[in-house]
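Here is the structure we will look at.
The values are calculated or read from the model by the stated rules, or taken from the named source; none is laboratory data. Being a predicted model, the structure only gives us computed values, none of them experimental. Here the Cβ positions follow ideal geometry from the backbone for every residue, glycine too, while neighbour counts run over all protein chains shown. Accessible surface areas use protein heavy atoms only, side chains included; no ligands, DNA or RNA. Shrake-Rupley method; radii C 1.70, N 1.55, O 1.52, S 1.80 Å.
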Amino acid sequence: MKFCITGGGTGGHLMIAEALVQAAANEGHEAIFIGSTSGQDRKYFEDHSTFSHVYFLETTGVVNQKGLKKVKALWLVLKAFFASRAILKRHKIGAVYSVGGFSAAPASFAAISRGIPLFIHEQNAVEGRLNSLLKPFAARFISAYDENSSVKGYPVKDEFFKSSRVREKIKTVIFLGGSQGAKAINDLALSVAGELQSRGIKIIHQAGERDYERVKAEYEELGIEAELYAFTKEMPSLMSKADLAVSRSGASTLWELCANGLPALFIPFPHAASDHQYHNARFIVQNEMGWCEREGEGLREKLMGLLDEDLSKKSSALMEHSSRDVAKMMILDAHRKSND
């Protein structure tokens, strides 16, 4: 069977696309990719990927545009829609899988117009606007937050499962500011570093490239030994060494922590669209698998109050809630549904 995987813009969407194409190839299926010239789509797939063919169409986001810019954005989507129709016909595509993001629009609408089954993966607890619009037309709508989803879970690399373990006492804390860094998390880490060191608790800290030099200098001034990174691709091994994470709650990081059994204090990015990071984290809190605190006063006190917690119950719950081979299940489910 031939799949088209579409969407992207940001790493969270594209990581799911990467997981799906690998799963499709492992099951003996061919997959092409339709993305955008904007965002990170080219960075991920232009030079090397498992896709048999990749296409990058000229599109931009529509929702946040105004006036003539919105008109131009809609015109680009329309042009890309017709280009996508031609691509789907040329490759005899049997199913289209949208991973979300603005670049998913042309191929998703093209699939609907051609009567090709459309499958959607929603990565966040709050549905994106495009996904909400397309949902009534989808053959399947997959979400780790939806109990009615035909596939449960979120595609996570196997390395996070392989190094998973049940945590009990906190011996190491990992602070995750993301690739760009999160000043609120970096400042929180620096404010508690002395207390953590006095308790014999080790610090691992991904500060982000923009804030790395400042954070490094402050640790040195404080006389604190911390395992500090600007950016790293060794996240599975770093998570495996930690007993508690302090992190943003973007979907991919949240579910990687779940797969690893690593409880977290989530501090959502306050400016995320539809406040989706907060709702992602609330899902974890409501299932008694972690904690969530807004940016602002009280972060230090909240973190210090967790240092003596027995983490075993939450850690075990995270591991039980995570599913392995989710991308494979998504592809198998789409193959079955398309052939019904």
Restricting the range 27-64 to residues that are acidic (Asp, Glu) and not in a strand (DSSP E or B), the one farthest from Pro106 (Cα to Cα) turns out to be Glu27
Of all residues in the range 196-217 being open to solvent by less than 70 Å² (accessible area, probe 1.4 Å) and in a helix (DSSP H, G or I), the one that is farthest from Arg294 (Cα to Cα): Ala217
Looking only at the range 65-79, which residues are closer than 12 Å to Ala105 by Cα and either open to solvent by 40 Å² or more (accessible area, probe 1.4 Å) or outside any helix (DSSP H, G or I) (or both)? Leu74, Leu78, Lys79
Are any residues in the range 131-146 assigned to a helix (DSSP H, G or I), touching a strand residue (DSSP E or B) at 6+ places or on another chain (Cβ under 8 Å) and not aromatic (Phe, Trp, Tyr), and if so, which ones? Asn131, Leu134, Lys135
Please give the number of the condition Asp187 fails out of (1) farther than 22 Å from Gln277 by Cβ; (2) outside any loop (DSSP other than H, G, I, E, B); (3) open to solvent by 20 Å² or more (accessible area, probe 1.4 Å). (1)
Taking the conditions exactly as written (open to solvent by less than 30 Å² (accessible area, probe 1.4 Å), among the polar types (S, T, N, Q), under 24 Å from Thr10 (Cβ atoms) and within 17 Å of the chain's Cα centre (by Cα)), does Ser252 satisfy them or not? yes
Of residues in the range 218-249 being among the hydrophobic types (A, V, I, L, M, F, W, C) and assigned to a helix (DSSP H, G or I), the one surrounded by the most Cβ atoms within 10 Å (Cβ to Cβ): Met239
Top-ranked residue of the range 303-333 - restricted to ones that are more than 21 Å from the chain's Cα centre (by Cα) and of a type in the set (Gly, Ala, Ser), ranked as most open to solvent (accessible area, probe 1.4 Å): Gly305
State whether one or more residues within the range 147-164 are open to solvent by less than 70 Å² (accessible area, probe 1.4 Å), more than 28 Å from Thr232 (Cβ to Cβ) and not in a loop (DSSP other than H, G, I, E, B). no
Are any residues in the range 1-26 surrounded by fewer than 24 Cβ atoms within 10 Å (Cβ to Cβ) and outside any helix (DSSP H, G or I), and if so, which ones? Met1, Lys2, Gly9, Thr10
Is it fair to say Arg167 is open to solvent by less than 40 Å² (accessible area, probe 1.4 Å), touching a strand residue (DSSP E or B) at 6+ places or on another chain (Cβ under 9 Å) and either at pLDDT 95 or above or among the aromatic types (Phe, Trp, Tyr) (or both)? yes
If you take the residues of the range 36-81 that are at pLDDT below 90 and β-branched (Val, Ile, Thr), which of them is farthest from Ser103 (Cα to Cα)? Val71
Can you tell me which residue within the range 27-38, out of those that are farther than 20 Å from Leu88 by Cβ and touching a residue at least 12 places away in the same chain (Cβ under 8 Å), is least open to solvent (accessible area, probe 1.4 Å)? Ser38
Contact list, first residue from the range 286-303 and under 27 Å from Met319 (Cβ atoms), second anywhere and among the aromatic types (Phe, Trp, Tyr) and open to solvent by less than 30 Å² (accessible area, probe 1.4 Å), beta-carbon distance below 7 Å, six or more apart or interchain, is Gly290/Phe266; Trp291/Phe266; Cys292/Phe266
Output the number of residues of the range 80-127 satisfying the condition of being within 23 Å of Arg336 (Cα to Cα), of a type in the set (Gly, Ala, Ser) and part of a loop (DSSP other than H, G, I, E, B). 3
